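*Asks:* One structure is given below, represented as structure tokens, and several questions about it will come after.
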Amino acid sequence: MSADPQLKHWQAQWQRALQLWSDHLQLQEPLWLFDVQAANQAGLTDSFAAIRLTSQRVMVNLQEISQRGLDDYALEVLAHEIGHHVYAPANMTQHLQLLAVIRQALPGSEQLAPLVANLYTDLLINQHLQRHTPCQMDAVYQRLKPTTATALWQLYMRIYERLWQLPPETLTSDPLGSSEEGDAWLGSRIIKVYGKDWLTGASRFATLLLRYLQDDEQGANDAFGVLADTADAGNGHTGTGVPALPAIDVLHPSLDPDLIDQTPSTADADGNGGAASAVRSAGQALEPQEYYEVLRAAGVDISRHDATVNYYRDAVRPYLLPFPARSTPAPSEPEREGTTLWEPGDDPGEIDWFATLLAGGNPIPGITTHKAVFSLDGTEQPRQQVCDLDLYVDSSGSMPNPQYQLSYPALAGVLLCMSALRAGARVQVTLWSGARQCLTTDGFIRDETSALRVLTGFFGGSTSFPLKLLRDTYAQPRRTPTQVVVLSDDGVSSMFSDDEEGTPGAEISARTLRHCGGAGHWVLDLPMELDSQTGHPWLQGSYEKMRVGRDQGWQVHRVSGLEPMLTFARRFSRQYYQANDATSQRATRP
Amino acid sequence: MSHLQSGPSMLHLHQRLLAYPGGPVPIGQEMIALLHDLIARLAPAVSAATLLPIYDLPQWEEPEDRERPDTLLLMVWLLADDAFRGLTLYCDEVVGLLASCNALMDSVHPNLNDEDQREELIRLTLSGLRLKPQNETDQQAQDRLLMVSSSERARVVAASRAAEERAESIRKALAEKRAREAADKYTRE
């Protein structure tokens with residue numbers, strides 16, 4: 001078939017394929033690809049058709065279609081791809097959940113989760129199309145029948161034969177053994193029983209396939225490459241939104257009472273593990289490491305660090321509170337004093353376009369953009385003034401790496417930063433560990449992503465507080481009141497060493513408290529109270545220094561374990577700044 | 001040459017089962033009357049001697065749950081469909097099927113919401129009367145009966161479970177070996 005008639009034929013089938021799922025479905029026409037080069041450019045390398053869930057675009061490689069003898073199956077191929085958009089996985093959130101659930105059921109073979117997800121969703125879609133529409137999905141698979149079939153291919157095709165009551169060896173090449181027949185029956189049951197609760201079905205299906213995948217991983221990848229139409233479904237996704245996982249037992253389908261219609265006690269009586277061998281997956285949230293790997297499995301092009309930033313940003317969203325504000329006298333009426341630089345992150349409505357255009361040339365955000373400054377005159381009515389935040393997060397070896405596991409210091413830091421930025425404050429974030437292991441933002445900034453990138457970094461070295469930064473920041477009194485927060489453990493005592501110029505840390509610390517205009521807070525994971533005389537002798541030196549800091553005016557919040565740091569971050573605003581003015585004054589002027 | 005008479009379509013019989021009206025399960029004389037009526041309707045040439053096996057059925061006992069129909073009652077409901085009128089059926093086969101049906105399936109109380117169990121009940125019924133579903137060949141009917149047979153299913157599922165147990169023990173052994181090697185390496189370092 002030449003290209004034009006072929007294209008017209010496929011275009012004519014598109015609307016029909018949409019109507020098989022719904023009369024109201026509107027999806028843009030597929031991207032028709034005519035050669036290998038075009039297919040490669042579009043990222044369609046292995047399969048003859050695919051879907052991108054982010055752009056909701058179907059792609060079809062017409063040359064590959066012809067080579068595989070599928071010209072007459074336009075309706076089947078197109079309806080199948082639409083099924084991924086309408087039914088399973090339908091959207092990126094469910095796709096990520098699906099991959100995460102499957103990964104849990106494939107211990108040691110997690111890298112094959114995309115393949116299993118693809119095979120499983122294909123089964124769900126094809127079962128629907130074969131049973132409820134005129135599509136002849138069995139004929140498509142007959143065309144794709146290989147000359148030599150792997151054990152997994154045989155099993156997969158036998159599941160279809162059982163679902164569609166096809167005679168043996170219609171799609172398979174040879175008769176299967178008893179255990180493979182049992183697996184095929186269980187596979188067909190999963191599709192029938194878990195058609196609606198298909199995430200649970202995905203877990204069962206992955207467990208069913210695990211034995212075959214471990215026997216021949218390469219063979220599985222090679223055999224099913226041609227069917228891999230959701231391998232890069234997440235391409236173009238920004239990686240936001242951490243999916244919550246439903247609680248699903250990891251259980252072999254032969255032990256699932258819903259599939260074999262046996263009570264668990266019957267299964268046990270047969271001498272099998274039954275419920276005892278089920279691994280309870282308690283619906284917990286994903287760890288940062290898992291989240292990154294799930295994103296990569298979905299074909300999302302994202303770095304580990306960016307995924308971590310998204311993870312923590314999403315994790316603190318339920319806890320966001322207004323950032324502390326301090327009462328100051330309010331002006332009777334604002335008076336324009338002049339202009340100052342408008343930076344990205346400021347409210348675009350504040351841009352003074354007249355002043356910006358006066359600066360000459362095309363407006364460049366953050367360079368030539370200006371905003372008006374108003375004087376705050378008058379003392380009659382108090383108003384809330386937002387304090388800046390200067391945050392120091394300990395990233396020494398005693399702290400967890402936020403890119404691999406949930407780090408409460410990072411989570412608390414992200415919560416404080418996002419609250420502050422939402423309230424209009426500026427933040428300076430510093431990640432510190434040993435000497436010369438210090439990562440900080442470019443001063444006090446309004447850019448959330450930059451702040452979060454610092455917070456989600458990791459050193460894992462020794463402990464040496466960044467005194468030079470503290471010294472420089474508070475060399476002069478700050479014009480905007482600033483809350484200084486340190487999230488650490490007994491490593492904060494390194495603040496009382498001498499800096500590189502020989503200035504005593506105690507002097508820098510005291511000057512910080514004098515010049516910050518707000519207050520200093522230490523949130524420390526300590527094994528015992530600061531005044532306690534018990535504990536290891538090697539801790540006593542650190543405790544002595546910390547007591548000096550407390551006497552200088554640092555407010556010490558002792559926590560036991562790192563998790564309460566998040567509680568501190570949530571309480572921070574309410575405790576000190578959302579109460580009455582008297583409380584506010586106590587908090588800001590200890 | 002076909003040995004099986006063509007019967008109603010599978011789709012129609014699935015719908016018939018799904019339309020089961022529910023209500024208390026008949027027992028005793030009520031059940032006997034139902035069976036008599038059904039057999040006389042399907043095979044009018046029935047004799048009193050042929051009917052004897054149905055009196056041996058434990059239909060006089062009060063069931064544990066009178067709302068849960070057993071295989072016999074569901075088969076009676078299925079065969080009472082008009083689609084079986086006009087077919088050539090033999091009374092000894094009808095009686096034999098009804099007398100033994102509660103032992104044919106894995107479950108005495110088939111779940112009508114389960115497609116596979118409905119399929120098995122229908123195919124067992126047709127097979128017991130030497131019928132095949134409409135538009136199926138003899139071979140297809142036999143293959144498909146085997147596919148949904150609960151005894152065959154129990155056999156292959158047991159084989160699947162045994163294979164999984166072997167695979168699981170290999171996985172555990174490998175995991176333990178890796179853990180030992182990691183511990184050895186850690187100790188050396």
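The values are calculated or read from the model by the stated rules, or taken from the named source; none is laboratory data. Note that the structure is predicted; figures quoted are calculated from it, not measured. Counting neighbours? That spans all protein chains shown, and the Cβs are built from the backbone with ideal geometry, glycine included.
*Asks:* Of the residues A:Gly182, A:Gly195, A:Gly187, only one is outside any helix (DSSP H, G or I), within 11 Å of chain B (Cβ to nearest Cβ) and among the small types (Gly, Ala, Ser); which? Talk me through it step by step, then tell me what you get.
*Replies:* Numbers: A:Gly182 fails: outside any helix (DSSP H, G or I); A:Gly187 fails: outside any helix (DSSP H, G or I).
After applying the criteria, what remains is A:Gly195.
*Asks:* Tell me yes or no: at least one residue of the stretch A:490-507 is surrounded by fewer than 22 Cβ atoms within 10 Å (Cβ to Cβ) and among the aliphatic types (A, V, I, L, M).
*Replies:* For the stretch A:490-507, residues surrounded by fewer than 22 Cβ atoms within 10 Å (Cβ to Cβ) and among the aliphatic types (A, V, I, L, M): present.
*Asks:* For the stretch A:407-425, which residues satisfy the criterion of being farther than 15 Å from A:Tyr392 by Cβ, in contact with a helix residue (DSSP H, G or I) (Cβ under 8 Å, 6 or more places away or on another chain) and not polar (S, T, N, Q)?
*Replies:* A:Tyr408, A:Leu411, A:Leu415, A:Met418, A:Leu421
*Asks:* Here are some residues: A:Arg478, A:Arg550. Which one is in a loop (DSSP other than H, G, I, E, B) and touching a strand residue (DSSP E or B) at 6+ places or on another chain (Cβ under 9 Å)?
*Replies:* Numbers: A:Arg550 fails: in a loop (DSSP other than H, G, I, E, B).
Being in a loop (DSSP other than H, G, I, E, B) and touching a strand residue (DSSP E or B) at 6+ places or on another chain (Cβ under 9 Å) holds for just one of A:Arg478, A:Arg550, which is A:Arg478.
*Asks:* What's the number of the condition A:Ile191 fails, among (1) under 33 Å from the mean Cα position of the chain (by Cα); (2) free of Cβ contacts under 8 Å to residues at least 40 places away in the same chain?
*Replies:* Of everything listed in (1) under 33 Å from the mean Cα position of the chain (by Cα); (2) free of Cβ contacts under 8 Å to residues at least 40 places away in the same chain, A:Ile191 misses just condition (2).
*Asks:* From the residues in the stretch A:198-216 that are within 14 Å of chain B (Cβ to nearest Cβ), farther than 13 Å from A:Leu259 by Cα and under 29 Å from the mean Cα position of the chain (by Cα), which one is modelled with the lowest pLDDT?
*Replies:* Kept after step one, since they are within 14 Å of chain B (Cβ to nearest Cβ), are these residues of the stretch A:198-216: A:204-216.
Still in the running and farther than 13 Å from A:Leu259 by Cα: A:206-207, A:209-216.
Within this subset, residues satisfying the condition of being under 29 Å from the mean Cα position of the chain (by Cα) are A:206-207, A:209-210, A:213-214.
Values: A:Ala206: 97, A:Thr207: 96, A:Leu209: 97, A:Leu210: 96, A:Leu213: 94, A:Gln214: 90.
Applying the filter and picking the extreme gives A:Gln214.
*Asks:* Just to be sure, is A:Glu169 buried (at least 22 other Cβ atoms within 10 Å of the Cβ) and among the charged types (D, E, K, R)?
*Replies:* no
*Asks:* Please state which one of B:Ser169, B:Ser149 is within 12 Å of chain A (Cβ to nearest Cβ) and at pLDDT below 90.
*Replies:* B:Ser149
*Asks:* Kindly evaluate A:Leu171 against the criterion of being assigned to a helix (DSSP H, G or I) and more than 9 Å from chain B (Cβ to nearest Cβ).
*Replies:* When the stated conditions are applied, A:Leu171 does not pass them.
*Asks:* Right, another one. Can you list the strands (runs of 3 or more DSSP E) lying wholly within the stretch A:1-61 that have 1 or more residues being in contact with an Asp or Glu (Cβ under 9 Å, 6 or more places away or on another chain) and either assigned by TED's automatic domain parsing to the domain that holds A:Ala220 or over 14 Å from A:His85 (Cα atoms) (or both)?
*Replies:* The strands (runs of 3 or more DSSP E) meeting that bar are A:31-33, A:57-61.
Rundown of residues vs (1) within 14 Å of another protein chain (Cβ to nearest Cβ); (2) surrounded by fewer than 19 Cβ atoms within 10 Å (Cβ to Cβ), yes/no style:
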site	(1), (2)
B:Gly23	no, yes
B:Leu35	no, no
B:Leu73	no, no
B:Val108	yes, yes
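*Asks:* I would also like to ask the following. Taking into account only those residues within the stretch A:341-393 that are acidic (Asp, Glu) and in a strand (DSSP E or B), which is modelled with the highest pLDDT?
*Replies:* The residue in question is A:Asp390.
*Asks:* Does any residue of the stretch B:49-67 turn out to be out of contact with any Lys or Arg (no Cβ under 8 Å at 6 or more places or on another chain), touching a residue at least 40 places away in the same chain (Cβ under 8 Å), hydrophobic (A, V, I, L, M, F, W, C) and part of a loop (DSSP other than H, G, I, E, B)?
*Replies:* Yes, some residue in the stretch B:49-67 is out of contact with any Lys or Arg (no Cβ under 8 Å at 6 or more places or on another chain), touching a residue at least 40 places away in the same chain (Cβ under 8 Å), hydrophobic (A, V, I, L, M, F, W, C) and part of a loop (DSSP other than H, G, I, E, B).
*Asks:* Mind listing whichever residues of the stretch A:342-371 are within 23 Å of A:Leu421 (Cβ to Cβ) and exposed (fewer than 14 other Cβ atoms within 10 Å of the Cβ)?
*Replies:* Passing the criteria: A:Pro344, A:Asp347, A:Pro348, A:Gly349, A:Glu350, A:Ile364, A:Gly366, A:Ile367.
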